[in-house]
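Since every read-out is calculated from the coordinates, none of them should be taken as a lab result. Treat the numbers as computed from the prediction; the structure is a model and nothing was measured. Here the Cβ positions follow ideal geometry from the backbone for every residue, glycine too, while neighbour counts run over all protein chains shown.
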Amino acid sequence: MSHFVVIGGGQAGASLVAKLLTEGFDGKITLIGAEDVPPYQRPPLSKAYLLGEMELERLYLRPAAFYPEHDIDLRLSTRAVSVDPAARTVALSTGEDLSYDALALATGSYPRTLPAAIGGTLGGVFTMRDLRDADTMAPELVEGRRVLIIGGGYIGLEAAAVCAKKGLEVTLVEMVPRILQRVASPETSDYFRALHQSHGVDIREGVGLDRLLGDDRVTGARLTDGSELAVDFAVVGVGIMPATALAEGAGLTLDNGIATDAQCRTSDPAIWAAGDCASCLFEGNRIRLESVGNAIDMAEVAAQNMMGKSVDYVPAPWFWSDQYDCKLQIAGLNTGYDAVYVKQTGDARSHWYYRDSVLVAVDAMNDARNYMIGKRLIEAGKSPAPEVITDPATDMKALLRS
């Protein structure tokens, strides 16, 4: 009987084992998860769960009973210590060695942290990546308290929105000239800056953190412009890194994460990778797509190929972010864009990115209809003229048929 081992109890790992089942795999499946709960959704952690609007069980991707009912050996509170590709074994933190016929790495990512030298290890300094982070931070969210958010990307902005909704005094600092600078157009930055300011968030752009202040616990912050703030706690949202230590120890090729081929296979023919930890080729470049959609799609392709099929993974980038009553949906990748066009339909708004007259991405704010149309246009390789897109009289659905 074949034994497939999946390392990583997140979205990619859970999606991979579920796909093995639907594809009819009849061997043994072992899923290794470092946390003490079954695989769960991560996006709601920094939103509905932290706000107390979602119970723990609703986070679970599958009911806890799903795994034993389908003979999946789910190892919780267990870490993979090392992988020996020659022997095809995985050493576990329990002291056990597991043999495998095929192995999938779905090890995800981990948040960047601040150096201890500038106060990164003080009490009251949080990142937001897993359930423990959310549970530890939740008691801090008391109306009237002062929080510093470090980082103006989506992680930082989502944390700011939750804190503002809870009635905290929120200051957000972003060291580059504008929030979302690395991932979005100035138009999108302007939209979200105004949204946060309307909820009382003090956004300081072009200002970084010099250091956090305090003895055992953070009590304040000194910024790079020389100003000082009194704070009760701080949230660090300065990006994530792919979790590649296992792959590196196993001698696998790394390139912006664990390098995979078109079928999600690593440099070892018996090892696949999927999700945040893995990089793939997209339009001739090796990229990592840090999104739920990519984790699911890549994992499902990996599962099929572990079973001997020959299915190529074709990335179809899409992302989302919830902030206050705004749902941002993104289709495509805006890398290298040279023009952005704004479409306003009542309260709905969308930003359309072009590169050399080719539509490459859409940011849609409370505009699900145009998001879906934009996504389908991009996937079909269609690029309507910008003046057609922005014309209020245009029948947007008709563009899909042209």
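The mean sequence distance of close C-alpha pairs (under 8 Å, at least 6 residues apart), as a share of the length of the chain, puts its relative contact order at 14 percent. Comparing P269, P85, P44 in a Gaussian network model of the chain (Cα springs below 10 Å), the most mobile by mean-square fluctuation is P269. Contact order, relative form, for segment 37-188: 19 percent (alpha carbon pairs under 8 Å, 6 or more residues apart, mean separation divided by residue count). Taking label positions 7 Å along the Cα-Cβ direction at both E55 and L400, the computed distance is 3.7 nm, reported to one decimal. For the chain, the membrane-span-like helix rule (DSSP H, alpha carbon extent of at least 30 Å along the helix axis, mean Kyte-Doolittle at least 1.0) picks out no helix; this says nothing about an actual membrane. Structural descriptor for segment 113-236: relative contact order 32 percent, calculated from alpha carbon pairs under 8 angstrom and at least 6 residues apart.
The value for segment 113-236 of Rg(Cα) / (2.2 N^0.38 Å) is 0.99. In terms of the mean number of neighbouring beta-carbon atoms within 10 Å, the peptides 146-153, 319-326, 375-382 order highest first as 146-153, 319-326, 375-382.
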